[in-house]
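Derivation of every value follows stated rules applied to the coordinates shown; laboratory data play no part. Every value quoted in this text rests on a predicted model; they were computed, and no experiment measured them.
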Amino acid sequence: MNTKGKSILIVEDDYKIRQLVKLYLEKEGYEVFEAGDGEEALTSFNSFDPCFVILDLMLPKMSGEDVCQILRADLKAEVPLIMLTAKVDEEERIKGLKMGADDYVTKPFSPAELVARVESVLRRTGHRCSKITFRGLTVKPLRGEVHYRGETIQLTKHEFKLLYFFMRHPNQILSREQIIEELYPNHEKMVTERTIDVHVGKLREKLKFDGTQELIETVRGMGYRFAAFES
């Protein structure tokens, strides 16, 4: 399946388990964020707006059950969620599913199987995650919203269409001609390459974040590229 732009938050207090799962997910093209306790989980969720959550139930500071309840009841988040737990009895699994989990994985588990479970849940719930996220920047096409680490970015209609096009083609060089054909199919003669340069310039100004690499790079003589991963 296409995992481009799919971001996952792993909430697990065991560092070794967290890193192993992260490694397997990144191999499949997911962008991965981490949290080691319940409070950090909520902070990270609000900052990164992930497309998926893998949530351990036994956590410091706040239990996984409480985190799930806040996500589902308070934040009204429909993000797909898999619970991890060492509890194996049927009653606990049913309790987790009733709380809003989409799947339930007991420890110890195979990281490869967990990735397969993630993909299975996404196939069923992909409509609940109609957004693209790279490096903390999220575009929600159905809502026309753009967020960076929880903060709303105000874009014009043209800037939004341009950013969405770039993020649908991460790390690809897009010529000005391609951009015009994609975004202005009925007005190609009225839109010039200079028009695209102006829109890109204005978009760059709004996407300047402290300490980050330029998100939209100029490839001399060829066009532009959205840098989905920091170099």
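Output ³J(HN,Hα) for region 151-165: one whole-Hz value per residue in order, computed from phi by the Karplus curve 6.51 cos²θ - 1.76 cosθ + 1.60 with θ = phi - 60°, and x for Gly and Pro.
For region 151-165, the Karplus curve yields 8, 6, 10, 8, 10, 6, 4, 5, 5, 5, 4, 5, 4, 4, 5 Hz.
Would you please give the residues with an amide H less than 5 Å from that of residue 103, counting only those at least 5 places away or on a separate chain, with H modeled from the backbone geometry?
81, 83
Search the structure for amide H atoms under 5 Å from the amide H of residue 33, placed 1.01 Å from N in the peptide plane, and list their residues when 5 or more places away or on another chain.
Answer set, sorted by chain and number: 8, 9, 10.
Would you mind checking which residues have amide H under 5 Å from residue 14's amide H? H placed 1.01 Å from N; only 5 or more apart, or other chain.
Amide H neighbours of residue 14, under 5 Å, 5+ apart: none.
Mind scanning 61/95; 27/98; 22/202; 16/208 and naming the pairs with a C-alpha gap bigger than 29 Å?
Over 29 Å Cα-Cα: 27/98; 22/202; 16/208.
Can you tell me the alpha carbon radius of gyration of region 1-127 divided by the globular rule-of-thumb value 2.2 N^0.38 Å?
0.94
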